[in-house]
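Structure first, then comments.
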Amino acid sequence: MIRAKIGGIGYYVPEKVVTNHDLMKVMDTSDEWIRERTGIQERRYAKKHEETTSTLGTKAAKIAIERAGITAKDVDFIIFATLSPDYYFPGSGVLLQRQMGMQGIGALDIRNQCSGFIYGLSIAEQFVGTGMYKNVLVVGAEMHSCGLDFSTRGRGVTVIFGDGAGAVVVQPSEDDSKGILSTHLHANGDYAEELAYINPGAHGGVHAEDKEQFGYPDQEFGGMFLTEKMIKDEDLFPNMNGQVVFKYAVTKFPEVIQEALDKNGYTANDLDMFVPHQANLRISQFVQRRLGLPDDKVWNNIQKYGNTTAASIPIALCEAWEAGAVKDGDLVCLAAFGSGFTWGSALIRW
Ligand code: ACO
């Protein structure tokens, strides 16, 4: 296998800053509650009707491509991870492709939520590793602000999430000792509904024309996936069982990091930087303590951006790299946990 590396990285966050105090104007919450439970002070929201998940991703991708020393024409394949796509289908990968003038190459959409970037990175690593592609663009982007419940009912979820995008170009490494050393992917669908955006979905409705034909006379109907009942019940927002997520996350994060370290014969002491998915500052701090890492070896930026799901790792990694906290030769661990449940890690010699 050819060793794959991250050859270029970029991120973009929308200009609009939304503080905890801004949220207090629309729902019953407090700055103190949000900071204490999550560490978040503010997040960014994209401009509705002007920006979308794919346009945020395009901005991050352009920076990553330039830093990789290539042009958009050199990209061989696109991987786009998001849980908040522009359309139900097609995925945001082809929309980014159109915006960037890269028509013709393959575009794959990843639906692995907070672990989406790690899953995408792992796929890119395999494509580069086999020699099939030389420049794989991996994008993680989210526009959560379009799909959140801004009433008090939604406060447990809404205060946590923010918009943003990050991207990397995965290329063959010239030096076999440097690059992505290994990736590790896991999931447990038993917990699918514990952190989920259930509606609209194929589980719920019957299409109007199918009502008689398929003999569902008593069932309500709407569009293909969206039903009148979902709208009437305002049952169209994400839900999260926070305590279950917390408990599982603090078990699986350390496990999957240890798996990456063991695979490569390292211990946590060997790490120069740990970049966790920015789920919640309390989760990151718990994992940091378990690994025995000092503060300067963990990159947290959830305070400024909230949880940007598939975008959070590339945004944080890019910030760390731009700040000089990830340098040539450093051992860097990325790890994520999220809806599915899904979790994963990547160990990189930078
Ligand atoms: N502001 C004020 N009060 C709130 C808010 C809010 N934004 N949200 C919930 N509350 C209230 C609840 O209604 C409840 O009130 P009650 O006691 O009167 O019923 C009280 O606060 C406690 O609610 P809990 O849900 O029990 O709060 P908890 O201490 O569990 O904290 C939290 C919630 C922060 C979500 C926590 O469970 C957690 O950190 N879970 C991990 C989940 C997570 O980090 N998800 C990130 C996304 S998933 C991912 O990326 C992995």
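Please treat every number below as a calculation from the coordinates, not as lab data. Remember, it's a predicted structure, so these values are computed and weren't measured experimentally. All Cβ positions, glycine included, derive from the backbone under ideal geometry; neighbour counts span all protein chains shown.
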Rounded to the nearest 10, the angle in degrees between the Cα long axis of helix 312-322 and the longest principal axis of the Cα atoms of the chain comes to 30 degrees
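GluC sites (Glu not before Pro) within region 49-80: which are DSSP loop residues with at most 14 other Cβ atoms inside 10 Å? List each step's numbers first, then the result.
Details: sites: Glu50, Glu51, Glu66; in loops: Glu50, Glu51.
Answer by residue number: Glu50.
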Listed by chain and number, the lysines with an alpha carbon less than 17 angstrom from that of Lys252, same-chain partners under 8 positions apart left out, are Lys263
A correct Karplus calculation of ³J(HN,Hα) over region 161-168, with 6.51 cos²θ - 1.76 cosθ + 1.60, θ = phi - 60°, whole Hz and x for Gly and Pro, returns 9, x, 9, x, 8, x, 8, 9
Applied in sequence order to region 87-92, the curve 6.51 cos²θ - 1.76 cosθ + 1.60 (Karplus, θ = phi - 60°) yields integer Hz couplings, x standing for Gly and Pro, of 10, 4, 8, x, x, 6
Measuring from its Cα centre, the chain shows a charge dipole (+1 at each Lys and Arg Cβ, -1 at each Asp and Glu Cβ) which, in debye to the nearest 20, is 660 debye
Taking Cα atoms, the helix 53-67 axis meets the longest principal axis of the chain at an angle in degrees (rounded to 10) of 10 degrees
Counting only residues 5 or more apart in sequence or on a different chain, those whose built amide H sits under 5 Å from that of Arg3 are Ser173
Partner aspartates and glutamates whose C-alpha sits under 14 Å from that of Lys297, ignoring same-chain residues fewer than 8 away, are Asp270, Asp272, Glu319, Asp330
Here, Asn264 and Gln285, labelled 7 Å along Cα→Cβ, have an inter-label distance in nm of 2.8 nm
Residue span Glu193 to Asp175: 0.36 nm per residue of separation minus Cα-Cα distance leaves a gain in nm of 2.1 nm
Taking a straight Cα-to-Cα line shorter than 24 Å from Lys134, and setting aside same-chain lysines fewer than 8 residues away, one finds Lys5, Lys59, Lys62, Lys73, Lys178, Lys327
Shape call for region 4-172, from the Cα gyration tensor axes a ≥ b ≥ c (a/c under 1.5 means rounded, otherwise prolate when a/b beats b/c, else oblate), comes out prolate
For Asp31 and Ala202, extending 7 Å from Cα along the Cα-Cβ vector and measuring point to point gives, in nm, a value of 4.7 nm
Per the charge dipole of region 4-172 (beta-carbon charges, Lys/Arg positive, Asp/Glu negative, Cα centre), the residue among Phe127, Ser115, Pro85 reaching farthest to the positive end is Phe127
Per the rule of 0.36 nm per residue minus the C-alpha distance, extending Glu50 to Leu236 adds in nm 64.7 nm
In whole angstrom, the spacing between the Cα centers of region 241-300 and region 139-207 equals 18 Å
Sorted by chain and then number, the residues having a modelled amide H within less than 5 Å of the amide H of Ser182, at least 5 places away or on another chain, are Leu347
Highest mean packing first, using Cβ neighbours within 10 angstrom, the peptides 241-250, 40-49 sort as 40-49, 241-250
Helix 242-264: inclination vs the chain longest Cα principal axis, degrees, rounded to 10, gives 30 degrees
Note, region 75-82: 3J(HN,Hα) by Karplus (6.51, -1.76, 1.60, θ = phi - 60°), whole Hz, Gly/Pro = x, goes 5, 9, 6, 10, 10, 10, 9, 6
